[in-house]
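Chemist: Quick one: this structure, given as structure tokens, is what I'll be asking you about.
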Amino acid sequence: MLERTIVIVKPDGVKRGLIGEVIRRIENKDLKITRLRMIYPSTECIEQLYDIHKGKSFYEDLVRFMSSGPIVAMVVEGDEAIKVVRNLIGPTDGREAPPGTIRGDYALSIRENIVHAADSVERAEYEIKVVFSENCGSF
């Protein structure tokens with residue numbers, strides 16, 4: 001089933017020069033990148049992006065980290081794109097991510113784990129709308 005999702009290269013991935021590596025891995029899985037945007041996101045945008053985590057112990061640190069530098073957001077389309085992307089990036093905690101996944105190969109910590117990706121069709125549509133809005137950030 002054709003789906004679309006969002007993949008974000010987080011500030012640590014941008015700083016470490018891993019944008020091309022993330023894109024290469026996505027394209028090697030025969031997924032299509034249909035939109036691409038590099039921005040320095042506003043705190044408000046990141047608060048919206050991670051609204052489902054508001055009130056959790058890590059929320060404030062996550063918002064600070066994600067708004068600490070530029071990010072690269074992309075809309076990715078393909079057959080079962082959400083499942084394929086989630087398998088490609090690996091579990092959130094890079095220490096548990098298997099080698100060969102983006103996080104398994106590059107994550108430095110649970111927070112500095114290179115990429116973000118939506119986990120459902122509904123969440124993907126919401127996050128695309130947030131991150132690709134005109135007021136999300138600038139560069």
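The values are calculated or read from the model by the stated rules, or taken from the named source; none is laboratory data. Just so it is clear, the structure is predicted and the values come from calculations on it, not from any experiment. Glycine also receives a Cβ, built like all others from the backbone with ideal geometry; neighbour counts cover every protein chain displayed. Protein only, heavy atoms only, side chains kept; ligands, DNA and RNA dropped before computing areas. Shrake-Rupley method; radii C 1.70, N 1.55, O 1.52, S 1.80 Å.
Chemist: Which condition from (1) buried (at least 17 other Cβ atoms within 10 Å of the Cβ); (2) under 15 Å from the mean Cα position of the chain (by Cα) is the one that G78 breaks?
Modeler: Result: G78 fails condition (2) only.
Chemist: Moving on. Return the only residue of V131, V72 being open to solvent by less than 60 Å² (accessible area, probe 1.4 Å), in contact with a Pro (Cβ under 9 Å, 6 or more places away or on another chain) and of a type outside the set (D, E).
Modeler: So the residue among V131, V72 that is open to solvent by less than 60 Å² (accessible area, probe 1.4 Å), in contact with a Pro (Cβ under 9 Å, 6 or more places away or on another chain) and of a type outside the set (D, E) is V131.
Chemist: Select from the range 10-37 the residues that are in contact (Cβ under 8 Å) with a residue 60 or more places away in the chain, in a helix (DSSP H, G or I) and over 17 Å from G69 (Cβ atoms) and list them in ascending order.
Modeler: Result: E21, R25, I26.
Chemist: Which condition breaks for E125 when tested against (1) closer than 17 Å to V22 by Cβ; (2) surrounded by 13 or more Cβ atoms within 10 Å (Cβ to Cβ)?
Modeler: For E125, the exception is condition (1).
Chemist: Let me ask you something else. Considering the range 100-114 alone, what residues qualify as being among the hydrophobic types (A, V, I, L, M, F, W, C), open to solvent by less than 10 Å² (accessible area, probe 1.4 Å) and touching a Gly at 6+ places or on another chain (Cβ under 6 Å)?
Modeler: I114
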